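**Q** This is the structure I want to talk about, given as structure tokens.
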Amino acid sequence: MAEERTHKSGYVAIIGKPNAGKSTLMNNILGSKISITTHKAQTTRHQIVGIFSDEDTQIVFLDTPGVISPKYELQKAMMKTVERARSDADIILFIHDPTDKYPTDDVIELIKSINKPVFLVVNKMDAANQEEAEKSAQAIQDKMKIRSVHYVSATMGTGVRELMENVRSSLLPGPPYYPKEDLSEHPVRFFVSELIREQIFLQFHQEIPYSCTVEVVSYDADIDIDRIHADIIVNQKSQKGILIGKKGSAIKELGIQARESIEEFIGKQVYLELHVKVREKWREKEGWVRNLGYGK
Ligand SMILES: Nc1nc2c(ncn2[C@@H]2O[C@H](COP(=O)(O)OP(=O)(O)OP(=O)(O)O)[C@@H](O)[C@H]2O)c(=O)[nH]1
């Protein structure tokens with residue numbers, strides 16, 4: 001008979017530059033799309049809680065926005081979110097994309113200032129050159145204390161099991177914080193707004209994705225269908241027309257794709273109504289940014 005292991009639990013923050021693959025890694029670990037991912041940087045804006053449980057472990061992952069120098073209030077709120085996750089966590093996973101040539105100094109500064117075990121997770125190894133990846137990992141190790149280095153591919157799942165075993169061995173014995181069947185702690189409305197935002201990131205370009213946010217105005221769950229009304233909030237009047245498109249074609253397409261992904265997520269038929277609202281310069285105004293749920 002297999003020996004029973006002590007139950008362990010803890011909080012693990014996933015921190016790194018934009019686009020490093022933080023959300024992809026968390027989704028791979030959980031086997032479920034809890035955090036939205038796109039090829040565009042700064043997709044994640046909130047702290048996304050993802051709960052991994054097995055018989056003798058519960059790890060509460062905190063996926064965070066990519067570390068940047070904030071230029072406007074929304075980005076400042078996003079960086080506050082990273083700082084909070086860093087403080088709340090027992091362990092930090094520093095996700096590094098060796099194919100990205102941008103320096104990681106700001107991530108190093110942020111993580112270094114707190115005394116916690118840091119695992120360096122070198123991601124995208126399916127696409128990276130091993131030698132170059134090792135070199136860039138060494139450059140990070142020269143600048144800060146790293147408990148162990150892991151070479152993984154978040155999309156393929158390679159190296160993830162070893163990483164999880166290592167994380168587990170650094171956790172302290174403790175009970176589960178959440179029921180074992182929970183995958184997250186956010187309400188369904190939150191996931192709905194994130195899935196709509198993901199479609200905006202996928203279908204629109206340049207400043208548009210970075211200028212929009214989504215607010216679920218009403219959510220009525222009937223037995224066989226959920227009726228959802230959501231507002232897409234834009235930063236400037238001129239952006240409203242772009243979102244709506246010629247004769248409403250753009251918002252119609254957005255609605256179709258968003259509805260499909262929401263239906264897949266909740267496993268139920270959905271009626272989705274979208275409206276575009278202008279809140280002049282919302283992302284530059286602290287009050288609006290807070291009001292719209294950022295920085296919490
Ligand atoms: N080739 C490859 N691509 C990956 C891997 N992991 C993530 N990606 C891709 O990298 C892009 C960014 O992934 P995300 O998971 O959204 O990255 P993130 O770090 O959460 O990004 P932000 O929201 O900007 O902070 C997506 O296009 C992913 O498909 C990987 O292991 N290999």
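The numbers here are math on the coordinates, done by the rules we state, and not lab data. The structure displayed is predicted, hence computed values, not measured ones. Positions of Cβ are generated from backbone atoms using ideal geometry, with glycine treated the same way; all protein chains shown enter the neighbour counts.
**Q** Could you tell me whether region 8-170 comes out rounded, prolate or oblate from its Cα gyration tensor? Rule is a ≥ b ≥ c as square roots of the eigenvalues, rounded for a/c under 1.5, then prolate if a/b exceeds b/c, otherwise oblate.
**A** rounded
**Q** Can you tell me the FRET efficiency between GLN257 and ASP54 if r is taken as the Cβ-Cβ distance and R0 is 35 Å, rounded to the nearest 0.05? Display every interim value, and only then the final one.
**A** Values: r = 34 Å, r/R0 = 0.97.
Rounded to the nearest 0.05, the efficiency is 0.55.
**Q** Another one. List the relative contact order of the chain as a percent without decimals, with contacts defined as Cα pairs under 8 Å and 6+ residues apart.
**A** 19
**Q** How high is the FRET efficiency between GLU165 and ARG290 when r is their beta carbon distance and R₀ equals 35 Å, given to the nearest 0.05?
**A** 0.30
**Q** Using alpha carbon centroids, what distance separates region 1-60 and region 76-102, in Å?
**A** Using only Cα atoms, the two centres lie 13 Å from each other.
**Q** Counting only other residues whose beta carbon sits under 11 Å from that of ILE251, what net charge do I get with K and R as +1, D and E as -1?
**A** +2
**Q** Another question about this same structure. Quick one: order PHE190, PHE204 by neighbouring beta-carbon count within 10 Å, fewest to most.
**A** Working: PHE190 15, PHE204 20.
Lowest to highest Cβ neighbour count: PHE190, PHE204.
**Q** OK, next. What full-extension length gain, to one decimal in nm, is calculated for ASP105 and ARG5 as 0.36 nm per residue of separation minus the Cα-Cα distance?
**A** 32.1 nm
**Q** Also, I was wondering about something else. Would you mind checking which residues have amide H under 5 Å from SER148's amide H? H placed 1.01 Å from N; only 5 or more apart, or other chain.
**A** Hits under the 5 Å cutoff: LEU120.
**Q** Give me the orientation-averaged projected area of the Cα convex hull of region 87-231, in nm², one decimal. Please report the intermediate quantities before stating the final value.
**A** Details: hull surface 50.1 nm².
About 12.5 nm², averaged over all directions.
**Q** Same structure, new question: Distance in nm between label sites at GLU131 and LYS143, each 7 Å beyond Cα in the beta-carbon direction?
**A** Calculated label separation equals 2.4 nm.
**Q** Okay, next question. Taking neighbour counts of Cβ atoms within 10 Å as a proxy for exposure, in what order, fewest first, do ASP142, ASP88, ASP100, ASP63 appear?
**A** ASP142, ASP88, ASP100, ASP63
**Q** Tell me, what ³J(HN,Hα) does each residue in region 79-87 have, in order and in whole Hz, if you take phi through Karplus 6.51 cos²θ - 1.76 cosθ + 1.60 with θ = phi - 60° and put x for Gly and Pro?
**A** With coefficients 6.51, -1.76 and 1.60, one gets 6, 4, 4, 5, 4, 5, 4, 4, 6 Hz.
**Q** For every other residue with a beta carbon closer than 9 angstrom to the beta carbon of PRO98, add +1 if it is Lys or Arg and -1 if Asp or Glu, then tell me the sum.
**A** -2
**Q** To continue, here is another question. Listed here are the pairs LYS124/LYS281; LYS33/LYS101; LYS71/LYS277; LYS112/LYS135; LYS124/LYS246; LYS145/LYS180; which of them are more than 31 Å apart at the Cα?
**A** Too far apart for the 31 Å limit: LYS124/LYS281; LYS124/LYS246; LYS145/LYS180.
**Q** Also, quick follow-up: Considering only DSSP beta bridges with both partners in region 8-170, what is the antiparallel share in %, to the nearest 5?
**A** Counting only bridges with both partners in region 8-170, antiparallel ones make up about 30 percent.
**Q** How big is D, in µm² s⁻¹, for the chain by Stokes-Einstein at 4 °C and 1.567 mPa s if Rh is the Kirkwood radius over C-alpha pairs?
**A** In µm²/s, the coefficient rounds to 64.
**Q** Using the count of nearby Cβ atoms within 10 Å as a rough guide to exposure, how do VAL60, VAL278 rank from fewest to most?
**A** VAL278, VAL60
**Q** Cα extents of region 188-291 along the three principal axes, largest first, in whole Å?
**A** Result for region 188-291: principal-axis Cα extents of 40, 32, 19 Å.
**Q** Distance in nm between label sites at HIS275 and TYR219, each 7 Å beyond Cα in the beta-carbon direction?
**A** 1.9
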